[in-house]
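Enquirer: I'd like to ask some things about the structure below.
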Amino acid sequence: MTSCGTRSASCSLLLRLARITLEEERVLKCFEMNHMKRMERKANTRTRSTTYTVVTNEYMKDDFFIKIETWHKLDMGTTENPHGLSPEEWEEAEVVPIDIADRSQVDDVDYKPEEDPAIFHSEKTGRGPLGPGWKKELHNSNCPYMTAYKLVTVHFRWWGLQGRVENFIHKQEKRLFTNFHRQLFCWLDRWVNLTMDDIRRMEEETQRELDQMRNEGSVRGMKAGED
């Protein structure tokens, strides 16, 4: 009886593992590029710049979306509840500060010396490198600054995997924002003299290239780290 019980438990475990594997395969299928759709809306004024980005999935329909609301404000990250969430929503939100000069916030696999604000110096503007007290130094200079407030909402409705996948996506979004804004600062000399017409033309060209890559090219970009 003990032996049969052991075999039964083993079979149950194998079936459970097989089910998890099949579920993971279905999840991976969901994130294939031909199933993903991205919608973006921008509004820019002299005092306010906002971006609204939504990623959806044809395979999961209403059971999956990533919503990113970005508000660029001319402050040092001191605005409380910048997106105007309700008290209940704000209570549930997690505030994750990103310091682009903090090496400890960058995974080893992502680190590039040429994209390190703590090393970079702009020849055109004289800005950088950013030392440990760079935020405080901005209060005593004429250097322009702003904070990008990003509200990330992830919905992944899949029994048994919802929390795990949502947490993983949040982790990767933070990693993406950190790497991108470090890169943006270190590419300062490439874009500081661009006009708005230059930027819009580059955005259109980039959008066409991305659409072509999604439809015809191989998968490229940041590889997800180990969870």
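Every read-out reported here was derived from the displayed coordinates using simple, explicitly stated rules and does not represent laboratory data. Predicted model, so just to flag it, every value in this text is computed and none were measured. Quick reminder, even Gly has a Cβ in these numbers, built from the backbone with ideal geometry, and neighbours come from all protein chains shown.
Enquirer: Which ordering of Glu205, Glu89, Glu69, Glu80 is given by a fewest-first count of other beta-carbon atoms within 10 Å?
Expert: On the way: Glu205 10, Glu89 13, Glu69 16, Glu80 6.
Going from sparsest to densest Cβ surroundings: Glu80, Glu205, Glu89, Glu69.
Enquirer: So which of Lys61/Lys171; Lys67/Lys136; Lys112/Lys150 end up more than 28 Å apart by C-alpha? Show your work: numbers first, answer last.
Expert: On the way: Lys61/Lys171 23 Å; Lys67/Lys136 32 Å; Lys112/Lys150 24 Å.
Correct reply: Lys67/Lys136.
Enquirer: If you don't mind, another one. What whole-number distance in Å separates the alpha-carbon centres of segment 85-106 and segment 149-179?
Expert: Between the Cα centres of segment 85-106 and segment 149-179 lies a distance of 13 Å.
Enquirer: Could you tell me what a quarter of the Cα convex hull surface of segment 75-212 works out to, in nm² with one decimal place? Walk me through the numbers before you get to the answer.
Expert: Details: hull surface 47.1 nm².
Projected area, direction-averaged: 11.8 nm².
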